[in-house]
1. Accessible area per residue for the stretch 81-216 in Å², computed with a 1.4 Å probe and the full protein assembly in place, what is it?
2. Using just the helices of the chain, give the 222 nm mean residue ellipticity in deg cm²/dmol: DSSP H runs with n ≥ 4 each add -39,500 (n - 2.57), and the total is spread over all residues, rounded to 500.
3. Which of the three applies to the stretch 45-150, rounded, prolate or oblate, going by the alpha-carbon gyration tensor with a ≥ b ≥ c and a/c under 1.5 meaning rounded?
4. Expressed as a whole percentage, what fraction of the accessible surface of the chain belongs to carbon and sulfur atoms when a 1.4 Å probe is rolled over the protein heavy atoms?
5. Can you give the FRET efficiency to the nearest 0.05 for SER340 and ILE47, using r as the Cβ-Cβ distance and R₀ = 45 Å?
6. For ILE545 and GLU268 in one chain, what is 0.36 nm times their gap in residues minus the Cα-Cα distance, to one decimal in nm?
7. Taking H as built 1.01 Å from N, whose amide H comes closer than 5 Å to the amide H of GLU306, not counting residues under 5 places away?
8. Restricting to DSSP loop positions (anything but H, G, I, E, B) with no more than 11 other Cβ atoms inside 10 Å of their own Cβ, which trypsin sites (Lys or Arg not before Pro) remain in the stretch 54-104?
Amino acid sequence: MASASIPVYNSSNNPLENSSSHNASRESLKMEPLADCSLLPGEERIIDKDIIYICPFSGALKGKVFITNYRLYFKSADADLAVTLDVPLGAIGRVEKMGGASSRGENSYGLDITCKDMRNLRFALKQEGHSRRDIFDILFKYAFPLSHGLLLFAYLSQEKFEENGWSVYKPMDEFRRQGLPNDKWRVTFINANYELCDTYPTILVVPFKATEEDLKKVSTFRSRGRIAVLSWIHRENQAVICRCSQPLVGMSGKRNKDDERYLDLIREANGTAKLTIYDARPSVNAVANKATGGGYEGDDAYQNAELVFLDIHNIHVMRESLKKLKDIVYPNVEESHWLSSLESTHWLEHIKLVISGAIQVADKISGGNSVVVHCSDGWDRTAQLTSLAMLMLDSHYRTLRGFQVLLEKEWISFGHKFANRIGHGDKNHADQDRSPIFVQFIDCVWQMTKQFPTAFEFNERLLVTILDHLFSCRFGTFLYNCESARDTNELRSKTVSLWSLVNSDPSFYQNPFYTPESNRVLYPVASMRHLELWVTYYIRWNPRIRQQQQSPVEQRYIELLALRDEYLKKLEELQLSDSSPNSSHLSNSSTPNAASPTQHVTHLHTPF
């Protein structure tokens with residue numbers, strides 16, 4: 001009966017509470033009990049209080065709320081209707097007081113909590129004696145630590161894992177994997193102290209013929225100094241994906257010969273006839289940006305380049321679109337006008353435009369033509385396009401570890417403004433810099449996994465876990481805006497990486513249907529008929545939309561794989577016993593070229 005009313009969010013089905021007890025060393029996990037929940041190492045209990053949770057699905061529920069320096073945890077008192085909430089404080093975007101001392105009506109006095117993960121919470125308290133003051137003050141303080149001079153929980157956590165996630169991405173190793181440097185492209189350390197560009201990483205790959213002086217001159221003509229640098233190179237045709245920010249053309253139509261020559265060096269590197277510049281913005285926005293000193297590459301100045309606008313809207317449009325989506329899915333799904341309501345949010349339309357843009361980039365690269373991708377500052381739409389195109393072109397990024405490298409490289413090291421877009425620890429919920437750009441990217445990845453179910457080594461659970469910890473502040477991975485800020489705040493030495501959790505138990509995040517195909521380029525269908533709303537993420541808090549258990553097909557496939565491993569083990573044991581002196585007559589009769597157990601594995605494929 002309880003599960004029919006509301007899902008119980010516990011460690012078995014909530015990626016946020018994927019217990020690290022089997023991953024971390026036992027010494028580090030001296031956990032204290034918190035009702036039915038275990039505290040993380042470094043997590044401390046602050047307050048607990050009797051409270052009423054106004055559940056949108058089951059009505060008013062009496063229970064107790066616990067607040068730590070990491071989470072809000074509620075457990076209902078009704079044994080027949082077991083409801084628990086386990087919300088990382090980092091996922092809270094806004095805390096407001098509901099009603100006043102003179103408010104009338106049952107449960108009209110309490111707290112309204114708006115979360116960043118597509119749900120809202122409402123709690124009611126008794127009106128007498130300012131009963132909500134202490135819990136409001138504590139919640140406000142610990143949900144927004146940076147606004148109160150406190151540390152984010154990632155700096156307080158004492159979790160230990162078998163794997164060190166900070167070692168996943170090593171820039172030089174990744175460039176070597178791509179075959180770099182070579183006679184056309186070189187590695188430069190001109191940004192070692194973040195002097196060329198304070199939002200770029202320290203290691204950059206640039207055209208071999210471009211001098212350090214050229215790079216300095218070009219940086220003055222690109223917004224925020226974000227010059228065009230290599231993100232990925234095609235091993236066969238040597239076409240490259242470069243990323244940058246908009247040129248500082250302005251209303252007067254300024255030109256910069258150094259920038260024009262520099263883009264021509266990118267074009268010449270593999271003999272591309274015309275360099276394609278993909279401007280992620282709608283053309284009208286690019287023109288409007290001239291008024292603020294920005295702009296785009298004009299035909300007269302960049303004669304060996306063609307400019308293509310991809311019509312992807314800005315961060316403000318995306319923020320409003322997701323707000324509209326939340327309105328139609330939480331707490332209740334408006335089923336009578338579902339399709340028209342979904343269409344009115346334009347969310348899937350935006351997803352379509354991002355995927356479509358990435359397909360154009362990937363297709364151009366496959367055809368042997370180099371491309372440059374930018375938006376305004378080159379850290380939002382640009383990251384979406386380059387990383388999705390690389391996911392389509394390079395099967396390495398479709399592995400569990402490779403995907404981590406992709407995120408570390410294109411999003412984290414190249415300065416997507418996670419702190420501004422998510423608002424970690426910041427009480428200013430109305431900040432116009434907030435935007436779900438990274439959430440939108442992960443949605444695009446999910447769309448690709450749906451269209452190519454055997455092409456990705458990782459599963460949906462990984463994507464949900466990434467988004468949950470994008471907000472949670474339990475790990476350091478998505479904190480701060482750029483590498484220079486992370487270095488200043490000693491992030492790697494003082495916090496734990498999300499990949500430490502993931503790579504300490506990789507099987508939990510692996511797709512059992514994965515079939516490696518090294519040279520396959522994926523071209524998803526970017527049409528509205530083939531795109532779906534990611535229900536198991538956006539509507540997962542609704543009890544009518546069950547936190548999906550493993551599909552019967554996936555479960556059966558995993559059982560068959562386990563059975564195969566068991567038989568192979570028995571086969572190996574039999575072969576070992578056959579090779580013993582007592583079984584020489586058996587081994588003599590066997591064929592000399594019999595396949596070993598490991599060889600058998602490669603031939604056991606299940607056709608789909």
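The values are calculated or read from the model by the stated rules, or taken from the named source; none is laboratory data. Quick caveat, the model's predicted, so the values are computed rather than measured. Cβ coordinates were reconstructed from backbone atoms using ideal geometry, including for glycine residues, and neighbour counts include every protein chain displayed. Note: areas computed on protein heavy atoms with side chains; ligands, DNA, RNA excluded. Shrake-Rupley method; radii C 1.70, N 1.55, O 1.52, S 1.80 Å.
1. Result: 46 Å² per residue.
2. Values: 21 runs with 205 residues, N = 608.
Roughly -10000 deg cm²/dmol at 222 nm, from the helical runs in the chain.
3. Working: a/c = 1.60, a/b = 1.20, b/c = 1.33.
Taking the square roots of the gyration eigenvalues as a ≥ b ≥ c, the stretch 45-150 is oblate.
4. In the chain, the share of accessible area belonging to carbon and sulfur is 50 percent.
5. On the way: r = 45 Å, r/R0 = 1.00.
My answer for the efficiency is 0.50.
6. Length gained, ILE545 through GLU268: 94.4 nm.
7. LEU275, THR276, ILE277
8. Those that pass, being in a loop and sparsely packed, are ARG104.
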